[in-house]
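None of the figures in this text is laboratory data; all of them are computed from the coordinates on show. Source: prediction; values computed, not measured. Cβ placement follows ideal geometry from the backbone for every residue including glycine, while neighbour counts extend to all protein chains displayed.
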């Protein structure tokens, strides 16, 4: 409705930045209360009532079920409920629409919403500026494009990525990883944005899913002054994307205005004309260094000009570098200028407490904007919109280049903000951290900065010299080349292979790598050398390099079956066994015959896609790794294109061959550190013998995260550096997202030592390690073990061609091509398949030599045990790059540790949260051991503190069968009667022969990753004998590959996400006629949004309203939805509930569908009868009789064939 649209528009304009991410809000003001859930429904919040009170809680079981008088319900994404309490009167409840209507009426009484709406102008509707409006931007028209690109620090890689985007209309994909230098160490020219890495959300505020939940993403911005609530008069322009076309230095053949209007934006000229035509004034600030002007003086000049202009009524500031290379002016970094002006305006307050930043928008036009990272950086540092005129100029080389590029950048910005857990541009900010800035430069940005100091790191003086050198480049009469970035792997891969084949000596390889790192340092550790003892009294042969039962402090980093072919995948595992080290598996499941083969030397990964995660999988290993993020692409899920999904890979992942598999950006059961503790406990319950690891990307603030991981009960934290490898990722993410592993490891080590918790947690590190020197240096910084991923591939023949994502690897590693015949059929001119035994020999040869280097270095440092080196950073000294980085803080000893409370005289013991599930397991397995074939466990009360019920038993039964202690048919039934509401993770990872029956309700994570058995949740009786509840929390059957799930009530958001097998019946019924025209579809739905995301197999029956945004990314399985025309649930209503990312069709039933429905509804019917709910059972029986006409099926459309691209 228009009134609500005006209300939300006003709020979005008034509140410049919005808080986003998981949130359940309970607020009170006077006699009013409001309960609310975040827009994506990430945090649970239940609302219910007893005879004497209303309650709202993140847990359904906070009130005994017997006291509840009506069905408690989960609040839907974005839903709000209000209460007004008046003395002596009944509590007045405002449902979502009623509450919004109350707010609308209140705000309408304060201000004229229609007047605010009229002041709000869509960019596409701006009048056209006269032709002469482009004249001010033509001052550099005579300069060569190549020279301008060189002067603005463009690289050949920037041009390649941009041209690919402009040509194909999609963001370039790359692989392998980043093996170039940090900006602070690069010999090539760098912009300040290059010194900053994008930070990502880790655990507490997780990354969110732009791919499958795109409806919630917006790059919309408002330009102009922020409105006053009580009066109008402040015009604004709405841009759908914060990018402006136009602003060209030369006339363009591209229809900038048309392209801009198609995208919901405008040209820079039209925007300036609008704000100069009586609606407010605009002011152009020159982003340049004047002759003799220092950078500090230049920034102060810009601050003063901006504050003065806005104080005098300016509504739009344009920071323009168009004159930077004209006359005597030279280059000033636009990021520095933007941050300085933005901060100056924020700190300049005026009467009424409003700061000047609210009175004007800041636009930046710059040729130094080269890629998505630059755009995100300037927007994060305070710019409201950008005009990257050189990007448009280069894109013009391709037909429809600007149009394609604009679309790519919109999606790219959405992905960038998604990695920080935000879904609107207004929620994004200074989510960056820098490496190598001096204090004076870093202070301008106000973001975390590492390895800088007062005198070291990039200084203002450096920027002044660089700015004048750039001027010479831009104005040169000769064409200046765009620089190429140094990379190390092309210079070493041949020798690595030769060492593995014993054709070269490892010492020569180590010497070559050391020479290259000295000449072209890439990473922080390359600036350091060891402080060897003058007299070495230790014989390397006597050095013990073992760690916790393994022979070397190294591991093979996680690589999935899918990203790797079968033979390399097996090589890594067998190598680890022979070397007695650990090889981590990736998130692609395990090849069946390998399950349990390498227990001591194999780690299994639990990632967001939950591919192949079953109870058998969890009990096949001594190491379980929860993958929160990956260093090479933190905040993003995995991507396996359909041409790589062979029959074998599909079997390992429980998916269909040939179908592209994309993992969610985040684990949908980890939205907080408490959730992390929950899944750690669930995994430990499933396999009590496993050590639990949490893999996180290196980010600023990793020290605090490591403390959270320790407190969550994990045994290991794996810190993955930004320069780690990947099978496929956005080229942008590989270079610009994440942080160096050295900083991550040292921060984590010091934080744990200071908190007295270092003994609780091993630190494993990966990211760019190549030699034993890397291992020892990272151990001195605090790592217990160091991982090798890319190097493990190079050892068996990888040529670092960076085409892993194409599926056509000519050496048979990152491909599913197995024979030369297959390769010829795919058009490969050359193909050399890997041989299992040869590969194992190559790896064992290489890593044994690397192990000898570790022992030699340990001896030279004067130690007998390599593990004793951990954390002794004083044995490192910075010997190079002294003017570029200051490693004093990095190498300093950690603060002294504190004594933990549990180390005192009194030990505090609490009942474990998995106490009941382990008790049940003991009782049931004891009965089985005694010869019983069927065991029925009854309990009248399970509470929210009783978590992962059934999980311990399922794990015990799997282990007993594997060890031969249990054979023959067995049947275990766990029945929780009356008023039971078990805690999170009910039936997590369960399998045959387990049946769980609950009467009451259940919370988040019911049946996650189940692979068999049955879970039934029915309404339970309250103390008056009335059946209520029967609902379940978030993530029902998340990643389940088998089993049956019968739910009588409703389900919170993301039910059946990543369902890849099994059967589900959702019995919640529509309670009142639909009113879709009023919006808020999830509020009254039975499933609270995002159901059936990423579904690849299985059958689901929905008897009620399936809710909005369903079936996004669904590639397999069938969802049967009951039509209810009397309530308004018809085919059109179902179509309105499909997500934008859903490629499915709604079909009439076929005979096999009718048979499936009769089977599933028959199971549900029998459960209802067994609980004496005859009336409900009769209704279901009637539905079964009419199922041919009462149901439709939702099935995925056939996916178009996916072919490799040449990106």
Open item on the list: What number do you get for the range 490-891 when its Cα radius of gyration is normalised by 2.2 N^0.38 Å, N = residues?
Closed with: 0.94
TODO: Would you mind getting me the FRET efficiency between residue 759 and residue 132? Use the beta-carbon distance for r and R0 = 60 Å, nearest 0.05.
DONE: 0.25
TODO: Could you tell me the distance between the Cα centroids of the range 1-40 and the range 406-421, to the nearest Å?
DONE: 23
Open item on the list: I'd like to compare 1083-1090, 993-1000: which one has the highest average count of other Cβ atoms within 10 Å, and what's the full order after that?
Closed with: 1083-1090, 993-1000
- [ ] Determine the distance separating the Cα centre of the range 770-822 from the Cα centre of the range 186-238; give it in Å without decimals.
- [x] 35
Task: Packing rank of 767-774, 296-303, 800-807, where each peptide gets the mean count of other beta carbons within 10 Å, highest leading - done: 767-774, 800-807, 296-303
Task: Relative contact order (%) - criterion: Cα under 8 Å, at least six apart; region: the chain - done: 11
TODO: Could you pull the Cα extents of the range 499-618 along its three principal axes, largest to smallest, in whole Å?
DONE: 54, 34, 31
- [ ] Please check which bits of the range 32-65 a label hung off residue 978 would reach, taking the label as a point 7 Å along Cα-to-C-beta and the cut-off as backbone N under 14 Å.
- [x] 64-65
Task: Distance in nm between pseudo-label sites at residue 167 and residue 883 (7 Å out along the Cβ direction from Cα) - done: 4.0
Open item on the list: Need the full-extension length gain, residue 250 to residue 592, defined as separation in residues times 0.36 nm minus the C-alpha distance. One decimal, nm.
Closed with: 116.9 nm
TODO: Would you please put 783-796, 545-558, 491-504 in order of how densely packed they are, using the mean number of other Cβ atoms within 10 angstrom per residue and starting with the highest?
DONE: 783-796, 545-558, 491-504
Open item on the list: To make sure I understand, if each residue's beta carbon is the centre and we count other beta carbons within 10 Å, what order do 731, 848 fall in, fewest to most?
Closed with: 848, 731
- [ ] If a/c stays under 1.5 just call it rounded; otherwise compare a/b with b/c (prolate if a/b is bigger, oblate if not). Do that for the range 976-1052, with a ≥ b ≥ c from the square roots of the Cα gyration tensor eigenvalues.
- [x] prolate
Open item on the list: For residue 865, project a label point 7 Å along Cα to C-beta. Then give me every residue of the range 764-807 with its amide nitrogen under 15 Å of that point.
Closed with: 784-785
- [ ] Can you quote the Å³ per residue value for the convex hull of the Cα atoms in the range 911-1039, rounded to an integer?
- [x] 94
Task: Anisotropy class of the range 1149-1192 from Cα gyration tensor, a/c 1.5 cut - done: oblate
Task: Net lengthening on full extension, residue 25/residue 551 (0.36 nm per residue, minus Cα-Cα) - done: 184.3 nm
- [ ] Obtain the nm distance between the two label points defined at residue 926 and residue 300 by a simple spin-label model: each point lies 7 Å from its Cα along the Cα-to-C-beta direction.
- [x] 8.1
- [ ] Scale the Cα Rg of the range 343-404 by the rule-of-thumb value 2.2 N^0.38 Å and send over the ratio, two decimals.
- [x] 1.49
- [ ] Quick one: check the C-alpha center-to-center distance for the range 345-393 versus the range 483-537, whole angstrom.
- [x] 43
Open item on the list: Relative contact order of the range 490-891, please, whole-number percent, based on alpha carbon pairs below 8 angstrom and at least 6 residues apart.
Closed with: 23
- [ ] Calculate, axis by axis, the spread of Cα positions in the range 1-154 along the three principal axes, and write the results as whole Å, longest axis first.
- [x] 81, 39, 25
Task: Residues residue 114 and residue 87, FRET efficiency given R0 of 25 Å [Cβ-Cβ distance, rounded to 0.05] - done: 0.10
Open item on the list: Per 0.36 nm of contour for each residue apart, how much would the distance between residue 51 and residue 828 grow if the chain were fully extended, relative to their Cα-Cα spacing?
Closed with: 272.4 nm
Task: FRET E, pair residue 961, residue 891, Förster distance 51 Å, beta-carbon r, rounded to 0.05 - done: 0.45
Task: Residue-averaged [θ]222 nm for the chain, counting only DSSP H segments that reach four residues, each worth -39500 (n - 2.57) - done: -9500 deg cm²/dmol
